Amino acid sequence: MICAILGRGRHAALAEEWKAAVEAGVELVELRLDCLRREPDLKRVLKERPSAMVLTIRRGADGGLWRGPEEKRQRLIREAIVAGVDFVDVEMDVAREIRRFGKTRRIVSYHNLKQTPPDLLEIAQQCEEMDADVVKIATRANSLADAMRVLQVASKMETPTIAIAMGEIGTFSRVLGAKYGAPFTYANFNADRSFAAGMLRFDELKRDYAYDQIDAQTEVYAVIGDPIGHSLSPPVHNAAFRAMGLNKVMVPILMPAERLKESLDQAAWLGIKGYSITIPHKQAVLPLLNLADGAVDRTGACNTMVLKEDGTRVGYNTDYRAAMDSLEAAYGGPGPEGGLGPLANKNVLILGAGGVARPIGFGLIRRGAVVTLCNRTEERATKLAEELGCRTTSWAMRAGLIPDIIINCTPVGMHPDVDDTPMPPAGFRPGMVVMDTVYHPENTMFLKLARERECRTVSGVDMFIRQAAIQSQLYTGMEPPVELMKEVVRRKLGPLRS
């Protein structure tokens, strides 16, 4: 179950939001009475109860807004228990002073906004001993090891435990808690209000992760990168898993660039079956693979990893095939079998010299295109050009060329910097094919400028869907629902498409 957190400054607004939450499908809410600007009026708050509820009055030290006397706070919690609320959240240091009464169930909680202490299991067990129906531990994760340890504690508890690693690095713990017996997880309800770093919205957990369908048998997949919050891989793959009737879930895991090997070793505890690999790990992951397909060996980049039953890590590059298919489609298809394809002898300018440019440049050269690389840091462009056997030009000269195809392989123009473009208007000519590997937003400034100058355009969404479909086949061995995956991407991009 997903518990949507509601916290407003006025009693009337809180009541209105509670009704709106129920209309949106919320079955359990947490009422954060510490957010009220006036002293909570329990009779008014509890007069109508459209759904089950957790009553919470969080102190400042625990991340809340209560600034009144502690005696008054505890009195309000006792009055709520007498009134028969479904749950109350009481911190472990006051749990013995607030006793059980009636049918109200007790969440005994521990919060640490600074760190995840080494004795977390002992702390959780102490909460358990304080007449807890549910134990809640929420600690700041300063590393992936911290976040993993939080979930590991939950897996060892006898009392149902909600274990949350706070911060972006612990977002996956809010999804996978259900796999380790959590009775519910917490989510923001109002899109304009977030109660904790790394917390997802109710609609995301419900639709993008199908949280209520996760159980102990759910197989875990992950998209890894740094940053990772923008990735559309979880909603796209999770929709495909559900459509295929598979008990699988993909979660985002932030893995810092300098700790990739260590992070993968730590994540092994989750039994992850496959990875979608994004910036900046596509090249760094290569030494960590046990096996790789030919595209990885030739391009020197990997964006997909599948783990075999014996732990063998097998790498693939689905970016390579997806990019070539997208470009060939812009020319009407791959051309006659055995003959020259539509990319042969085309002059191509690639902007960027990173993990995305490498496989695309390699694929184009294999298809007979004449490739020129351009990067702000010329040394990187020169190095990659030597490896691929192609030409380079300076960043300052990029708009003076007249190629047949321009491809943006930089992150320039990615949300939230949607007004940026890696190519000025003067660089586009009518009839060019212009492709952007950025997919968030779909209609980047780079593509807008190209269309204004009568170029044919290929969006990053097209390439993203193609590579995700190939990934899905690698993960499942089944034909993926491509049209559904497209619908999910366009729904998630929403207003950013235009």
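The values are calculated or read from the model by the stated rules, or taken from the named source; none is laboratory data. Since the model is a prediction, treat every value here as computed from it, not as a measurement. Quick reminder, even Gly has a Cβ in these numbers, built from the backbone with ideal geometry, and neighbours come from all protein chains shown.
Summary table
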{"quantity": "All positions within the range 275-295 that are assigned to a loop (DSSP other than H, G, I, E, B), β-branched (Val, Ile, Thr) and in contact (Cβ under 8 Å) with a residue 40 or more places away in the chain", "calculated": "THR278, ILE279"}
{"quantity": "Subset tally (residues that are within 25 Å of LYS248 (Cβ to Cβ) and either acidic (Asp, Glu) or over 16 Å from the mean Cα position of the chain (by Cα) (or both)) for the range 178-205", "calculated": "11"}
{"quantity": "Given (1) within 24 Å of VAL461 (Cα to Cα); (2) out of contact with any His (no Cβ under 6 Å at 6 or more places or on another chain), index of the condition HIS230 fails", "calculated": "(2)"}
{"quantity": "Any hit, the range 229-249, residues being at pLDDT 95 or above, in a strand (DSSP E or B) and under 23 Å from TYR180 (Cα atoms)", "calculated": "yes"}
{"quantity": "Condition check for VAL90: within 19 Å of ASP131 (Cβ to Cβ) and outside any strand (DSSP E or B)", "calculated": "no"}
{"quantity": "The range 257-301 - residue that is basic (Lys, Arg) and under 23 Å from the mean Cα position of the chain (by Cα) and, of those, surrounded by the most Cβ atoms within 10 Å (Cβ to Cβ)", "calculated": "LYS282"}
{"quantity": "Condition check for VAL90: within 20 Å of GLY7 (Cβ to Cβ), modelled with pLDDT of 95 or more and either outside the structural domain of THR139 (by TED's automatic domain parsing) or under 34 Å from the mean Cα position of the chain (by Cα) (or both)", "calculated": "yes"}
{"quantity": "Pairs where the first residue, in the range 380-408, is farther than 9 Å from LEU349 by Cβ and the second is small (Gly, Ala, Ser) and not in a helix (DSSP H, G or I), C-beta under 6 Å, 6+ apart", "calculated": "ARG380/ALA353; ALA381/ALA353; LEU384/ALA353"}
{"quantity": "Whichever residue in the range 152-187 is within 11 Å of CYS3 (Cβ to Cβ) and touching a residue at least 60 places away in the same chain (Cβ under 8 Å) and, among such residues, is surrounded by the fewest Cβ atoms within 10 Å (Cβ to Cβ)", "calculated": "PRO183"}
{"quantity": "Identity of the residue in the range 112-141, within 17 Å of MET166 (Cβ to Cβ) and either modelled with pLDDT under 95 or aliphatic (A, V, I, L, M) (or both), that ends up farthest from the chain's Cα centre (by Cα)", "calculated": "ILE123"}
{"quantity": "Residue list for the range 371-397, filter: under 34 Å from the mean Cα position of the chain (by Cα) and either small (Gly, Ala, Ser) or farther than 19 Å from PRO359 by Cβ (or both)", "calculated": "ARG376, THR377, GLU378, GLU379, ALA381, ALA385, TRP395"}
{"quantity": "Meets criteria (buried (at least 21 other Cβ atoms within 10 Å of the Cβ), at pLDDT 95 or above, in the same structural domain as ILE365 (by TED's automatic domain parsing) and not acidic (Asp, Glu)) for VAL438", "calculated": "no"}
{"quantity": "Boolean, VAL356 is more than 15 Å from ILE465 (Cα to Cα) and either among the charged types (D, E, K, R) or in contact with a strand residue (DSSP E or B) (Cβ under 8 Å, 6 or more places away or on another chain) (or both)", "calculated": "no"}
{"quantity": "Residues located in the range 250-274, provided they are small (Gly, Ala, Ser) and assigned to a helix (DSSP H, G or I)", "calculated": "ALA257, SER263, ALA267, ALA268"}
{"quantity": "Selection from the range 15-37 of residues that are part of a loop (DSSP other than H, G, I, E, B) and under 23 Å from ILE162 (Cα atoms)", "calculated": "GLY25, VAL26, GLU27"}
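For (1) of a type outside the set (Ser, Thr, Tyr); (2) assigned by TED's automatic domain parsing to the domain that holds LEU113; (3) surrounded by fewer than 14 Cβ atoms within 10 Å (Cβ to Cβ); (4) assigned to a loop (DSSP other than H, G, I, E, B), each residue gets a yes or a no:
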position: GLY9; (1), (2), (3), (4): yes, yes, yes, yes
position: ALA13; (1), (2), (3), (4): yes, yes, no, no
position: GLU39; (1), (2), (3), (4): yes, yes, yes, yes
position: LYS43; (1), (2), (3), (4): yes, yes, yes, no
position: GLY64; (1), (2), (3), (4): yes, yes, no, yes
position: LEU76; (1), (2), (3), (4): yes, yes, no, no
position: VAL85; (1), (2), (3), (4): yes, yes, no, yes
